[in-house]
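K.L.:
Below is the structure I would like to discuss, written out as structure tokens.
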Amino acid sequence: MVEYICSRGSSLRLRELLDTTCRLANTLKKYGIHKGDRVAIYMPVTPLAVAAMLACARIGAIHTVVFAGFSAESLAGRIIDSGCKAVITYNQGVRGGRVVELKKTVDEAVKNCPGVKHVFVAQRTDNKVHMDDRDIPLEEHVFDYQQGDVFGCVADIGWITGHSYVVYGPLCNGGTSVLFESTPLYPDPGRYWETVQRLKINQFYGAPTAIRLLLKYGDKWVKTYDRSSLKTLGSVGEPINHEAWQWFYRVVGDSRCTLVDTWWQTETGGVCIAPRPSEEGAEVIPAMAMRPFFGIVPALMDENGKVIEGNDVSGALCIAQPWPGLARTIYGDDQRFIDAYFKKYPGYYFTGDGAYRSPEGYYQITGRMDDVINISGHRLGTAEIEDAMDEHPAVPETAVVGYPHEIKGEGAFAFIVLKEDTVQTENVKEELKSIVASKIAKYAVPDHVLVVKRLPKTRSGKIMRRVLKKIVTNQSSDLGDITTLDDPIIVAEIVDAYEKYKTEQSASS
Ligand code: AMP
């Protein structure tokens with residue numbers, strides 16, 4: 001058994017060294033480092049520095065290893081002389097008990113080295129350092145997973161989140177992954193948090209629909225369990241409304257864990273837009289996916305298929321260049337794949353979602369484009385109205401759909417679920433209307449607010465607004481394909497409530 005022994009006491013078996021070398025070699029190749037290119041390695045004597053040398057050798061690149069005590073000037077001189085295309089370094093080094101600012105020195109050095117296209121940055125200390133577009137973090141991903149962490153994604157493996165974040169992602173990275181076979185309510189609403197305590201989960205990744213459901217049962221189910229192992233919380237699958245975000249952050253994460261709203265799709269294979277909080281000084285804005293992941297180039301399109309430039313704008317969310325996780329086709333139906341994703345905006349991948357780009361350049365997903373309604377000429381994502389209404393403390397869940405309106409063209413029809421102990425239903429409805437008027441605008445106020453016991457959802461927890469739309473347009477006998485509905489009985493419940501509501505409305509008019 002041959003091992004590398006480091007002075008810190010850790011050791012690396014040859015097998016692990018080979019794995020690390022191969023991963024690093026692939027990363028270098030992915031970022032355009034080829035045979036004959038020069039790469040500067042500015043790292044102290046560590047296993048990763050050895051792997052960096054071997055990775056260069058493996059792909060035929062030429063390494064120049066620069067003593068990690070040299071100044072920015074000396075480093076720059078060596079980079080220029082050998083015409084390096086990339087530098088590999090650490091965020092910081094530790095020498096004689098002292099922290100050494102390696103990345104800062106590299107930043108200083110490459111200011112005068114236009115030939116350097118990328119700086120690869122590994123993590124030696126827990127401190128965050130400044131990163132810019134040229135920098136490639138070697139160990140960052142969205143969840144800030146560190147070796148030894150327990151990653152708890154509670155999605156079913158029958159959905160893409162389970163594929164990528166229960167199976168492939170954690171295992172490809174040598175991580176520890178939790179398999180959650182149960183439901184959030186069995187045997188009681190503390191199930192997730194009991195699992196966190198028992199398995200000492202560090203990253204907890206779930207869906208807004210489950211968070212909204214648990215929120216209804218109050219904080220006691222969370223507080224019963226020790227959640228001190230948690231470092232990062234993640235949300236995926238739907239826009240997360242502000243109330244659910246705040247509860248997840250404050251109650252589950254005790255206001256000390258980072259909460260990342262991650263946007264992606266089955267077709268994209270992995271997370272595409274997410275806050276990426278591990279960068280130094282990176283702010284995380286509640287309920288916003290924010291920053292494109294490495295290699296993802298989002299574009300917003302207007303109604304004429306033109307790219308919308310600038311910030312503080314909304315449009316159809318497309319992705320402007322391919323990336324490794326992108327689906328290649330629909331099995332057995334290539335043409336359908338082209339028609340669905342590449343026809344509407346030639347040269348771009350169309351996601352089907354709408355998004356807003358904030359004045360700071362951050363992305364906010366506004367929901368499926370089919371869920372946009374046009375009230376008196378104002379185009380609105382239904383998620384926007386839902387988000388405003390969800391702020392009411394008695395209302396954990398809402399779903400809004402458009403319906404034909406004689407004067408406004410389209411009006412908003414809201415379905416709401418109330419917390420179990422709510423009594424003043426009529427007051428709540430009026431309060432909801434005034435919240436929408438003040439948060440968005442008067443024109444956005446739903447004309448109808450109907451209380452239902454549950455909302456129709458797919459088995460992965462997404463609200464099927466299409467079904468609700470059929471109901472409010474009196475087409476409940478033709479609901480289309482509802483085989484992915486979690487519990488078809490809910491539809492009958494809602495049709496019933498809607499019919500009763502209609503009868504009451506016509507009696508009172
Ligand atoms: P699926 O392919 O079933 O995973 O669904 C992908 C769709 O879910 C996306 O196109 C979005 O409409 C929605 N979605 C996923 N994550 C988010 C998120 N963080 N915020 C808003 N919508 C999301």
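The values are calculated or read from the model by the stated rules, or taken from the named source; none is laboratory data. Values in this document were obtained by computation on a predicted structure and should not be read as measured data. So basically every Cβ, Gly included, is an ideal-geometry build from the backbone, and we count neighbours across all protein chains shown. In case anyone asks, the SASA skips ligands and DNA or RNA and just uses the protein heavy atoms, side chains included. Shrake-Rupley method; radii C 1.70, N 1.55, O 1.52, S 1.80 Å.
K.L.:
So what are the ³J(HN,Hα) numbers for segment 452-462, from phi and the Karplus equation (6.51, -1.76, 1.60; θ = phi - 60°), rounded to whole Hz, Gly and Pro as x?
P.N.:
3J(HN,Hα) across segment 452-462, in whole Hz: 10, 6, 8, 9, x, 10, 6, 5, 8, x, 8.
K.L.:
Given R₀ = 30 Å, FRET efficiency for residue 45-residue 294 by Cβ-Cβ distance, to 0.05?
P.N.:
The value I calculate is 0.60.
K.L.:
If you put +1 on each Lys and Arg Cβ and -1 on each Asp and Glu Cβ, how big is the dipole of segment 18-157 around its Cα centre, in Debye rounded to 20?
P.N.:
Dipole about the Cα centre, nearest 20: 560 debye.
K.L.:
Would you please give the FRET efficiency between residue 307 and residue 458, computed as 1/(1 + (r/R0)^6) with r the Cβ-Cβ distance and R0 = 35 Å, to the nearest 0.05?
P.N.:
Rounded to the nearest 0.05, the efficiency is 0.65.
K.L.:
Suppose a student asked you for the relative contact order of the chain, using Cα pairs under 8 Å spaced at least 6 residues apart; what percent would you report?
P.N.:
It comes to 7 percent, rounded to a whole number.
K.L.:
Local charge sum around residue 201 (other residues, Cβ-Cβ under 10 Å, Lys/Arg +1, Asp/Glu -1)?
P.N.:
Here the charged neighbours net out to +3.
K.L.:
Above 32 angstrom, tally the Cα pairs of the chain and express them as a % of all pairs, no decimals.
P.N.:
50
K.L.:
Could you calculate the FRET efficiency of residue 219 with residue 35 from 1/(1 + (r/R0)^6), where r is the beta carbon distance between them and R0 is 60 Å, rounded to 0.05?
P.N.:
Once the sixth-power term is evaluated, E becomes 0.55.
K.L.:
Here's something else I'd like to know. Mind ranking 326, 259 by accessible surface for me, highest first, 1.4 Å probe?
P.N.:
Correct descending sequence by accessible area is 326, 259.
K.L.:
To continue, here is another question. Kindly provide the trypsin sites (Lys or Arg not before Pro) of segment 202-308 that DSSP labels as loop, not H, G, I, E or B, and whose Cβ sees at most 16 other Cβ atoms within 10 Å.
P.N.:
Listed in order of number, the matching sites are 216, 256, 306.
K.L.:
Out of all DSSP beta bridges with both ends in segment 337-491, state the antiparallel percent to the nearest 5.
P.N.:
Here the share of antiparallel DSSP bridges comes out near 85 percent.
K.L.:
Run the simple label-point estimate for residue 134 and residue 117 please: 7 Å along Cα→C-beta, distance reported in nm.
P.N.:
1.4
K.L.:
Between segment 234-277 and segment 432-506, what's the alpha-carbon centroid distance in Å?
P.N.:
25
K.L.:
Quick check: net charge around residue 231, other residues with Cβ under 12 Å of its Cβ, Lys/Arg +1 and Asp/Glu -1?
P.N.:
That sum, taken over residues with Cβ under 12 Å, equals -1.
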